[in-house]
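Below is one structure, written out as structure tokens; the observations come after it.
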Amino acid sequence: MKLSICGKGGSGKSTVVALLAGEAAARGYRVLVVDSDVFP
Ligand SMILES: Nc1ncnc2c1ncn2[C@@H]1O[C@H](COP(=O)(O)OP(=O)(O)OP(=O)(O)O)[C@@H](O)[C@H]1O
Ligand SMILES: [Mg+2]
């Protein structure tokens, strides 16, 4: 499963992703988190 999260700066993307990743890992899924922010 692949999830892509996008939205306005500072809206909580990283916070939500960290929580989702932690929960998925706790449930036994192998998790890879990639931050694809591009410097403007
Ligand atoms: N350790 C912290 N203590 C207090 N506030 C925090 C902390 N970490 C993040 N925040 C605040 O929580 C909100 C969401 O932060 P978060 O980093 O999840 O957003 P983001 O969408 O990933 O931001 P960005 O687009 O800059 O990557 C922001 O207003 C941020 O300032
Ligand atoms: Mg972020």
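Numerical summary
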quantity: Subset of segment 6-37 [under 9 Å from the mean Cα position of the chain (by Cα), within 9 Å of ligand 2 (Cβ to nearest atom) and part of a loop (DSSP other than H, G, I, E, B)]; calculated: D35
quantity: Count - residues of segment 4-14 that are surrounded by fewer than 10 Cβ atoms within 10 Å (Cβ to Cβ) and within 18 Å of L32 (Cβ to Cβ); calculated: 2
quantity: Neighbours by Cβ (under 8 Å, 6+ apart or cross-chain): first from segment 12-28, away from ligand 1 (no atom under 14 Å from the Cβ); second outside any helix (DSSP H, G or I); calculated: A24/V31; A25/V31
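Throughout, read-outs are computed from the coordinates displayed, never taken from laboratory work. These figures come from a predicted structure and were not determined experimentally. For neighbour counting, all protein chains shown are included, and Cβ atoms are generated from backbone atoms with ideal geometry for every residue, glycine included.
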